[in-house]
Amino acid sequence: MADHIKLNPASGNYVVQAGDTRLGVTALAVELREGGHGPVIYVPRTDIDMAMLTRTDRTTTCPSKGVASYYSVRTPAGTLHNAVWSYEAPKPGLEAISGHLAFYPSVAVTPT
C-alpha cells in the first residue's frame with residue numbers, strides 16, 4: 001500500500017442517501033485518507049440496495065489504488081450518473097476497500 005494512504009474502520013453508523021432515497025445504512029464503513037485530501041467513506045456493498053445502482057461503462061485508473069468501476073444511482077427524482085465508484089480489485093494493501101462503494105457528494109454519506 002502506498003505510504004500516503006491510510007485505512008481505518010469508520011466509527012459509528014452511516015446513512016447513505018440520494019436526495020430523499022435511502023440507499024442503505026452501515027456500521028462497517030472504512031475510512032480512506034489519501035495525502036492532503038479529505039477522508040472518503042467506503043461502504044460495504046452488502047449494506048447498500050444494489051437494485052438502485054446500475055453499473056456504467058466508465059472506469060478510471062489511480063496509480064495508488066487501481067482501476068475504479070462506476071455506477072449510476074436511480075431514484076424517483078432522476079438518475080445520478082456515475083455517482084458511485086468501487087475498486088473491485090484494489091492494489092495490495094488496500095483489500096479492505098474491495099467489495100465497498102464510495103460516493104460523490106451528490107450522494108450523502110452521513111454519520112448518525
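Exactly one residue among 22, 33, 58 is closer than 17 Å to residue 108 by Cα, part of a strand (DSSP E or B) and open to solvent by 80 Å² or more (accessible area, probe 1.4 Å), and that residue is 22.
Across the stretch 73-106, the number of residues qualifying as of a type in the set (A, V, I, L, M) and open to solvent by 60 Å² or more (accessible area, probe 1.4 Å) comes to 2. Scanning the stretch 34-65 for residues that are closer than 14 Å to residue 99 by Cα and of a type outside the set (Lys, Arg) returns 41, 42, 43, 44, 46, 47, 48, 49, 50. Restricting the stretch 77-112 to residues that are part of a loop (DSSP other than H, G, I, E, B), among the hydrophobic types (A, V, I, L, M, F, W, C) and over 11 Å from residue 66 (Cα atoms), which is farthest from the chain's Cα centre (by Cα)? Across the stretch 77-112, the extreme among qualifying residues is 77. Here residue 110 fulfils each of the conditions (1) open to solvent by 60 Å² or more (accessible area, probe 1.4 Å); (2) hydroxyl-bearing (Ser, Thr, Tyr); (3) out of contact with any Phe, Trp or Tyr (no Cβ under 7 Å at 6 or more places or on another chain) apart from (3). Residues in the stretch 68-95 that are farther than 28 Å from residue 19 by Cα and touching a residue at least 12 places away in the same chain (Cβ under 8 Å): 89, 90, 91, 92, 93, 94.
Residue-wise test of (1) outside any strand (DSSP E or B); (2) in contact with a Gly (Cβ under 8 Å, 6 or more places away or on another chain).
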position: 2; (1), (2): yes, yes
position: 6; (1), (2): no, no
position: 17; (1), (2): no, no
position: 37; (1), (2): yes, no
position: 54; (1), (2): no, no
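The values are calculated or read from the model by the stated rules, or taken from the named source; none is laboratory data. Just so you know, these numbers come straight off a predicted model, no measurement behind them. Please note: Cβ atoms are built from the backbone with ideal geometry, for glycine as well, and neighbour counts cover all protein chains shown. Each accessible area value is taken on the protein alone, full model and side chains, heavy atoms only, with ligands, DNA and RNA left out. Shrake-Rupley method; radii C 1.70, N 1.55, O 1.52, S 1.80 Å.
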